[in-house]
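Data first, discussion second: the structure below is written as structure tokens.
All of the numbers you see were taken from the coordinates with simple rules; none came from a lab. No experiment lies behind these values; they were computed from the predicted model shown. Don't worry about glycine lacking a Cβ; one is built from the backbone with ideal geometry, like all the others, and counts go over all protein chains shown.
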Amino acid sequence: MVGVYRFLLTPRWWGINLFVLLAIPFCVFMGSWQLSRFESRVADHREAGAQATADRTQTPRPLAELLPVDKETSGDRVTATGRYGKQLLVPGRELDGRAGFYVLTLLRTDDGKALPVVRGWLPGNADPAKAPAPPAGDVTVTGALQASETPGDNGVSARGGLPAGQTAAISAASLVNLVPYDVYDAWVTLDRGDSGMKAVPAAAPADTGLDLKAFQNLGYTGEWFVFAGFVVFMWFRLMRREVEFARDAELGLLPEGEQPAAV
């Protein structure tokens, strides 16, 4: 019986065995890593939800204390004082399943920079005539701090060619050519909609939701573990064929011209 398995000592099978011994732990490691990435995203999603609840009741802090915006400060309540300046519309924004647009007004602060403030949301097509004019004089705004948007991510439009007075994304990079002053790399959505507009809820920080990337990690986890099982299956299948071949050779049942593998 031992002689039947002598093929396992041939150079060919040394190569096969080495490949299997390396492939299985590699697949298990990669599958475990992908699973840890998915679990990390789930934990971030839960933490972001808990943080959003806490943010709604926290005392607002000055803008300077929360910049630059990161996962820790995104969604925190912030307060800033200044004078409203240029007003823009952000088309193609849904709220509660309805199509509409944001009313974005630049708040010029004492340091000369402007803070984009989403004063609220209105239904329908973006129309300057529908957007209420901002209050005059010094104003103090309170709302949720948000990181600059990236066109093409999380439903933010990347299209250009918008009419004058509109922007697709709320970001310093998008606004720098639309306003005559420096802009903070952040924006604020008011706690309460201004002038009868509907308040825009704060968005979760980037990479903290159960988005497509999270479920891709879960899918890759399954793929790596399946591949590990496939390697084991193929090894057993090849070994079984070699055993059957060796037994047939011992019994003289091989077709004419076929020889058993060399030892």
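Summary of computed values
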| quantity | calculated |
| --- | --- |
| Projected label distance in nm at TYR5 and LYS198, using a 7 Å step from Cα toward the beta-carbon | 7.0 nm |
| Net charge of neighbours whose Cβ lies under 11 Å from the Cβ of MET30, counting Lys and Arg as +1 and Asp and Glu as -1 | 0 |
| Calculated FRET efficiency for the pair PHE29/GLU65, C-beta based, R₀ 51 Å, to 0.05 | 0.75 |
| Dipole in debye (nearest 20) - segment 75-196, about Cα centre, beta carbon charges: Lys, Arg +1; Asp, Glu -1 | 300 debye |
| Burial ordering of SER195, SER74, SER171, fewest other beta-carbon atoms within 10 Å first | SER195, SER171, SER74 |
| Within-10-Å neighbourhood charge of VAL69 [Cβ basis; K, R +1; D, E -1] | -3 |
| Surface/4 of the Cα convex hull for segment 75-196, nm² | 7.2 nm² |
| Whichever lysines have a C-alpha closer than 21 Å to that of LYS213, once near sequence neighbours (fewer than 8 apart) are set aside | LYS71 |
